[in-house]
Structure formats: C-alpha cells, structure tokens
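*Asks:* Take a look at this one; I'll ask things after.
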Protein chains: 2
Amino acid sequence: MPVLVMKFGGTSVANIDRIRRAAKRVGLEVAKGYDVIVIVSAMSGKTNELVGWVNEISPLHDAREYDAVVSAGENVTAGLMALTLQEMDIPARSWQGWQVPLKTNSAHSAARIEEIPTDNINGRFAQGMRVAVVAGFQGISPEGRITTLGRGGSDTTAVAFAAAFDAERCDIYTDVDGVYTTDPRITSKARKLEKIAFEEMLELASLGAKVLQTRSVELAMRYNVKLRVLSSFEEPSDEAGTLVCAEEEIMESQVVSGIAYSRDEAKMTLISVADRPGIAAAIFGPLSEAGVNVDMIIQNIAEEGRTDMTFSCPTDQVIRAEKALREAKERGDINYHDLIADTNVAKISAVGIGMRSQSGVAAKMFKTLSDEGINIKVIATSEIKISVLIDRKYMELAVQALHDAFELDKAA
Amino acid sequence: MPVLVMKFGGTSVANIDRIRRAAKRVGLEVAKGYDVIVIVSAMSGKTNELVGWVNEISPLHDAREYDAVVSAGENVTAGLMALTLQEMDIPARSWQGWQVPLKTNSAHSAARIEEIPTDNINGRFAQGMRVAVVAGFQGISPEGRITTLGRGGSDTTAVAFAAAFDAERCDIYTDVDGVYTTDPRITSKARKLEKIAFEEMLELASLGAKVLQTRSVELAMRYNVKLRVLSSFEEPSDEAGTLVCAEEEIMESQVVSGIAYSRDEAKMTLISVADRPGIAAAIFGPLSEAGVNVDMIIQNIAEEGRTDMTFSCPTDQVIRAEKALREAKERGDINYHDLIADTNVAKISAVGIGMRSQSGVAAKMFKTLSDEGINIKVIATSEIKISVLIDRKYMELAVQALHDAFELDKAA
C-alpha cells in the first residue's frame, strides 16, 4: 500500500481532544488506503518546560543529558497517539527514536540523521499494522545514547521518513493553514499560496518564515519529497494548505512568490579598513571561527587605499562579532578606525523562482522603496532572492508596498 | 570501590531545588568513597498526569503503549539528576532502562526483572564515573519494547540493582523518616523502629503500609539486600531511618513489631452453599481466574449439608468477584442462596517475628478488642501475623488499643 507521512506539531497535539482530532485525520487517510507514518511533536509547552529545567540546573549543560531529558515529550505523545488510534480500531503502535532505530551522528542537540532502516516498520505494515507513530525530533547515536535534531527537528524527522519509505507525500500539520505571500499580520492582502517551489520555501524559511524548519526543506528538496503544509484546525480537504514541491510541478510561477522580513538582523560597519589583497578573508575568517553567521556583505571604496566594509549578522551575535574583530585588530591581522553596530534595521526580501527568467525585478523593488522614501542601506541578491536592509521603522510599510507592487494579492 | 544504591521517590525529586538537595546527599556518599547507583522516580505528580491521559483516551488500553507513555517521567528525572551531579563536579551519567539494559519479561505494566547486566555501568565506574543515575520503574522486554514494573516499581528497581551490583546497602529516600509501629496519624504513640525484619516489613507492606513496595521487600529478602528507609527532608545521619534486614541482625525482637490496618478490604459471604468435596476449589478457582485477590477465608457449617463461606478481597474487586460467582452459579458449578458483600469493614493486623516463639498473642489481641466492645468478623493468621476484620467505624479505636496492649510505644 502507498505510504503517507503525517506530522503533527505541538499545538496539534496539545491535549487529548486535539490528539483525538489529529487521529481522526489519520483515520481518513487510512480509509483511503494509505499505510501512515505519523510523526509527533511534544504537547505544546512540554519541551519548553524540560529545557527550562535543564537551564535552571546548568546553562552549560552536558548535551547528552540535555537530549535524554528533552526527548521525553515526544515519547509521551507517540504513545498517546497510538492508544487513540487503537481506540478507533486502527492497528497502530508507537516507536521511539532508538526503537526504529533512527540513527544519527553524535552531534548532540543538533544531530544529523544518518540512516532510517525500514525493515522493522515495513514488516509490521505487511502484518496488517496501518499506522506507525514515531516520536519526532530524536534519534540514537553510534554510542547508543539519545540524540535530538535541534528545535523544530520533528519536521526533519517527518521528511526523512518520507524519503526513507518513499512516501507519496509528507503532510505537515501545524497551526497555520499554509504558506502566505507575506505575513498576514502585516498586510491583510497576504494570500495563501497553493504551491511553492522548494528553493523559494528554503529562502522563506531561512528568512524567518517559521512554517517549516530549514533543514526539513533542504532534505525534501534533495530527496524530492512532496511536502504539504496545512492546519490541523481546518476541515480536511484535498486543496487544503500549501504544497512545497519541485519547480517543474508549478505550471505558472509568479516572478515573486513572497515578501519576507526579519527583525533579527544587525548591520555592522568597519570604518576605514586598510584595503589590501586578502583583507576580506582576514575579516570574515575570525567571524566564522567565532560562530557568527554573516549574511550580507557590502564594500565601499572610502578613500585611497582604505575601504568601508559593511555586513549583516543576527542581532544576538553582535557582541560575539565585535569581540572577534577587536581581537583580530589587536593581533594586527586587520586595521580599522571604528566599528559601528546598527541593530535598528530590518531585512526585507523578495523571493521568487521567476526572477531567474525575468529581469527588472531588482529595479522594481528599489523603485518601490524609493517611491515610499525608504532608504536602502545594504543590498544582497541571489538567483531567486533580493534582500535589502532598511531602517526598522519602515519595515511594515516596505512589506506592504512591495506586496502591492508585485501584485501578490492576485493568484498567478 | 564499594557500591551504594540510593533511591529517591517522587517527593524527593519534585522540583529542581529538591533534586539539588538529593544530589547533595549523593555527594556525601561519593565523598565517603562509594560508587553510587542512584535510582530516581518521576517528579511527584508527573506519573499520575501521564496515567490520567492514558485513561482519558482508553480505560482498556494496550499495556505496551501505556508503558511507553508512563515511563517518560523517570527518564526526565534521571537526566536532570545527572546534570545536577555534573554541575557539582561529580562525574555522572544517566541510563534509561533500555540502555542498561534492565531486562524484564513481557508482562507489560507489571513486568518482572529477569537480568541486570553490570558490565556497562561497572566499566564506567572503572573509568572514573562516580554516579550512575538510572531511571526507575522501567525495563525492556525481549521484544525490545519498554516495560514498567507496576506502581512503586522504582523501589524494586533499586533493590534489584543493589543485588546485581552487590551493593553494601540500598537506601530508599522517601517522604517519611522510617517505618513506624503503626500509622502516626492514628496514634501519637506510634514509634519509629530502628530495625525491622524483612518478613515483618513484607507483612506490613502487603497490609497497606505504603513505605515500600511489597515486591522490593521480597527481592531484598531473597538476595539479603540491606534496605534502609529514610527521609530526604531530614538532616543526614548514620542512625536515620529504619533498617530493613535479616532477622538475625535484630538482637531483641519484640513479640509484635507493628499494627497495620487497611480500609480497602471487603467481606463477602456466600450464604448456604451446597457443601461437597471440592466446593472450595469450585468457588475460589473462578475468583482466581477473574483476578480477584482473596485474602482471608472462613467457613461455617450452617446446616446439614450446607455451609456459609466468607472471604475478604480488595474493595475494588467486589464487582468482579460477584460476576465470577454469579457465572459459576449459572454454569451449575456452585450453588448458593445469596451473596452478601460488606464493604464497611476494616482489616487490623498485628505483625511480629516474635510470635513464632511466644504463644498467647492471638488471645491477647482478641481480648483487647473484646474489652473495647469490638466484634471480630473474620480471623486469619500466619506464622508472624494475626489479622481480623472488624466494623470500619472501630478501626482507629482498635489500632490504638492494640498499640497500647502490646506496648509498642516502648523500645525493645
């Protein structure tokens, strides 16, 4: 029988009533003839409670013990979901990560999946079991200890299972009903997308659209797993949610599919850096070693032989970045007059596969912002994305203006 | 290094502060030179929450899924305890049941321990680890599924580890400071016992003294594990608590060591049963098959060829017992006029190793109750115990009178 993977997030399994509701959706797919693999998160709030206890004991904790503690919530939900399905006369059983076993490397708290053997679960499907309920977010290391995949890791678990079992689709049930052209809280014109390409979703996810964990989208793209994002609070329907799929499956792409924003970006400027070959490496090497995720980079010629270097990084990495650069200066590796951090900025991005084949998107974006009197501080572009840093106070205005300019309220 | 097992119950690990307090006690023993195996329960209330969810979904649940769910609480505490010890610079790590692995049979929710391999943990002790924190109450079945040992199973886990690792002692930390001559809530004259024999503890435990799980005492007796019951809320001292040990280690036993009571016993009477050879088997066979735990049995000759048969069983098994007997009657296996259940009774027991060598204990007990005007409904005796069923309203009075009569307020 064809296999379907269904993943339920924390709000979708927050209490017994919601677990029952989720189980009913599973039952609908079983009735259609699917063998279903259900991936569950912890009941909402539970993982935070566990993380809170660990941090109360020790902020610098042993990641192996952290993983052993925080994986508990998913185990509970997996068992409760299996029981609920059994109560509906659907043959089901639960698996914890180590029982599958979902094998990972030993990078505790951010482990990578290495292998998901299918014999065990497929054997049970062959014997008449209809639903395998698997605790998300967790695996087992080569040393036999429990690992976790990082926050939001249940999405990744779901996609990995869909790939391993060659599932027809991977449905991610969450508390939003799909992927939108932009945040509906910023403009009521935001429209739910019927389909979105992996690459676009990846850009949107990495830009802070919290619908899917970035890694899960990467994984889906690599293994061509059809992902559907939908709400567990809406009536079931085949058209529900947003399908994240390969570009080829989207007949008519819009030039721009969505406008994303992020408040968590800071702009840092090194004033009057002595310019010489290798200076970029001398600046960004130490930042990389310090674990700073540099996003956009811009270099201005300031005067003869000197340059201003501007880059953006997450706000919470500013202190780390300053320290790394100060130390590089003290070592004599780089030389600059001043270092200015501006945390009062926002990043606005236009994302769309269509940009590849259509020119003028950047020009239209810049003109739109200019018409609104919004000054652009930094620009970065990729094949399917244009991002700009602007003053934070213009963030909502910029999103609304760009959403209008690219006519995102109208279906393709 | 000698091994010590320390078990902390739910109230002793109810929050992070209490876990720290427990960890400090572990630290004291480590400082004395012990390698310590810590067995932890779930934080108080957590297991009840999990059991509540399972019962909300299905009162008749799959015991395998029940076990997968309710074992989660101990896993959390084990990790938190290991982290707390590490924070105190004590080398520690946690083990879940399947990691040890603590091997059990497949009797889910009431599994029996079959083997505890010691190589793994002893290997770590040899490498310098000082504390192994083990999640209590749980194990793994031959099929690789999680099992639990039944409520209070962490006591059994602790004793089993003490036996497997040949521990010097097994300290059970709980919210009472030892074993008393009777319930201090019933008489302020109740006195804490310094020592009590395994057999006596076993009788008291099975009579409802909730200090230790019966199975853990049985196991301790079989493997001669020295058990100490003590409070985690008292100042540490070598004299704290009550030592449960072999009879030989108690110099001077009192005739009676304790008075126990139970409200959860019902009296059932089959009126005018046709008496014939094998009638007892015809009555108690079906009860046993129905899972009714018959405790006391008494048979009166009522009239020629007929008899009244009275027995006691736990109050919550009365309906099951009635059904089993009615069915046996319908099948024609037994014949009786009426079946009367009296749930308004209490069981009072006097327990003491000294009874073996001293006569007149029963007579003294009956006279004491008679002097108080308390009618005895059923009597049952064993080598070291005399139990009676009386009207429930006299329960407190009976306990107080017997405690006085046997002078239990005075040390031996």
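The numbers here are math on the coordinates, done by the rules we state, and not lab data. Everything numeric in this text was worked out from a predicted model, so none of it was measured. Please note: Cβ atoms are built from the backbone with ideal geometry, for glycine as well, and neighbour counts cover all protein chains shown.
*Asks:* Hey, what did segment A:2-120 get for relative contact order, percent, Cα under 8 Å, at least 6 apart?
*Replies:* After rounding, I find 22 percent.
*Asks:* So, one more: Per residue of chain B, what 222 nm ellipticity follows from adding -39500 (n - 2.57) for every DSSP H run with n ≥ 4, rounded to the nearest 500?
*Replies:* The helix contribution divided over chain B gives -10000 deg cm²/dmol.
*Asks:* What's the ranking of B:274-284, B:337-347 by average number of surrounding C-beta atoms within 10 Å, highest first?
*Replies:* B:337-347, B:274-284
*Asks:* Now for a separate question. Taking the Cβ-Cβ separation of B:Val51 and A:Asp316 as r and a Förster radius of 60 Å, what is the calculated FRET efficiency to the nearest 0.05?
*Replies:* Taking R0 as 60 Å, the efficiency between B:Val51 and A:Asp316 is 0.90.
*Asks:* Do any trypsin sites (Lys or Arg not before Pro) in segment A:5-40 lie in a loop, going by DSSP, with at most 14 other beta-carbon atoms within 10 Å of their beta carbon, and if so which?
*Replies:* Here the trypsin sites (Lys or Arg not before Pro) that fit, given the DSSP loop and packing criteria, are A:Lys32.
*Asks:* Starting from the Cα gyration tensor of the protein assembly as shown, take the square roots of the eigenvalues, sort them a ≥ b ≥ c, and report rounded, prolate or oblate (rounded when a/c is under 1.5, otherwise prolate if a/b is larger than b/c, else oblate).
*Replies:* Taking the square roots of the gyration eigenvalues as a ≥ b ≥ c, the protein assembly as shown is prolate.
*Asks:* Kindly give Rg over Rh for segment B:3-175, based on alpha-carbon atoms, with the Kirkwood expression for the hydrodynamic radius.
*Replies:* My calculation of the ratio gives 0.97.
*Asks:* So, one more: Once each part is reduced to its C-alpha centroid, what is the distance from segment B:255-289 to segment B:111-150 in angstrom?
*Replies:* Centre-to-centre distance over Cα atoms comes out at 39 Å.
*Asks:* Given 10 °C and 1.306 mPa s, compute D for segment B:205-320 with the Stokes-Einstein relation, Rh being the Kirkwood radius over Cα pairs; round to the nearest whole µm²/s.
*Replies:* D = 88 µm²/s.
*Asks:* I've got another one for you. With label points built 7 Å along Cα→Cβ from the Cα atoms of A:Ile301 and B:Ile340, find their separation and express it in nm.
*Replies:* Using points 7 Å along Cα→Cβ, the separation is 11.2 nm.
*Asks:* Taking every residue in B:89-98, how many Cβ atoms of other protein chains lie within 10 Å of its Cβ, on average?
*Replies:* Taking the mean over all residues of the peptide, I get 3.
*Asks:* Using Cα pairs closer than 8 Å and at least 6 residues apart in sequence, work out the relative contact order for chain B, in percent.
*Replies:* Computed value for chain B: 14 percent relative contact order.
*Asks:* Still on this structure, I have one more. Based on alpha-carbon atoms only, what is the radius of gyration of chain A relative to the globular estimate 2.2 N^0.38 Å?
*Replies:* Normalised Rg, Cα atoms only: 1.09.
*Asks:* Could you work out, residue by residue across B:64-75, how many beta carbons of other chains sit within 10 Å of that residue's beta carbon, and then give the average as an integer?
*Replies:* 6
*Asks:* Another question, if that's okay. Count the DSSP beta bridges whose two residues both fall in the protein assembly as shown, then state the antiparallel fraction as a percent rounded to the nearest 5.
*Replies:* Around 60 percent antiparallel, to the nearest 5.
*Asks:* With loop defined by DSSP as not H, G, I, E or B, and exposure as at most 11 other Cβ atoms within 10 Å, which is the longest segment of chain A clear of exposed GluC sites (Glu not before Pro)?
*Replies:* A:1-142
*Asks:* Just counting partner chain Cβ atoms within 10 Å, what average do the residues of peptide B:51-59 show around their Cβ?
*Replies:* Averaged over the peptide's residues, the number is 5.
*Asks:* Gaussian network model of chain A, Cα springs within a sub-10 Å range: biggest mean-square fluctuation belongs to which of A:Ala362, A:Ala126, A:Ala22?
*Replies:* Comparing A:Ala362, A:Ala126, A:Ala22 in a Gaussian network model of chain A, the most mobile one is A:Ala126.
*Asks:* Then there is this: With springs only between Cα atoms under 10 Å, which of A:Arg64, A:Arg130, A:Arg228 fluctuates most in a Gaussian network model of chain A?
*Replies:* Result for chain A, Cα springs under 10 Å: A:Arg64 fluctuates most.
*Asks:* Follow-up question, since we're still on this one. State the answer as a single residue: which of B:Gly278, B:Ala135, B:Ser106 lies farthest towards the positive end of the charge dipole of chain B, with beta carbon charges of +1 for Lys and Arg and -1 for Asp and Glu, about the Cα centre.
*Replies:* Towards the positive end, the residue furthest out is B:Ala135.
*Asks:* Shifting gears a bit: Given chain B, what percent of its DSSP beta bridges are antiparallel, to the nearest 5?
*Replies:* Here the antiparallel bridges make up roughly 60 percent for chain B.
*Asks:* Given B:Lys46/B:Lys393; A:Lys24/A:Lys192; A:Lys226/A:Lys393; A:Lys329/A:Lys367; B:Lys103/B:Lys347, which pairs have Cα atoms separated by over 28 Å?
*Replies:* Those over the limit are B:Lys46/B:Lys393; A:Lys226/A:Lys393; A:Lys329/A:Lys367; B:Lys103/B:Lys347.
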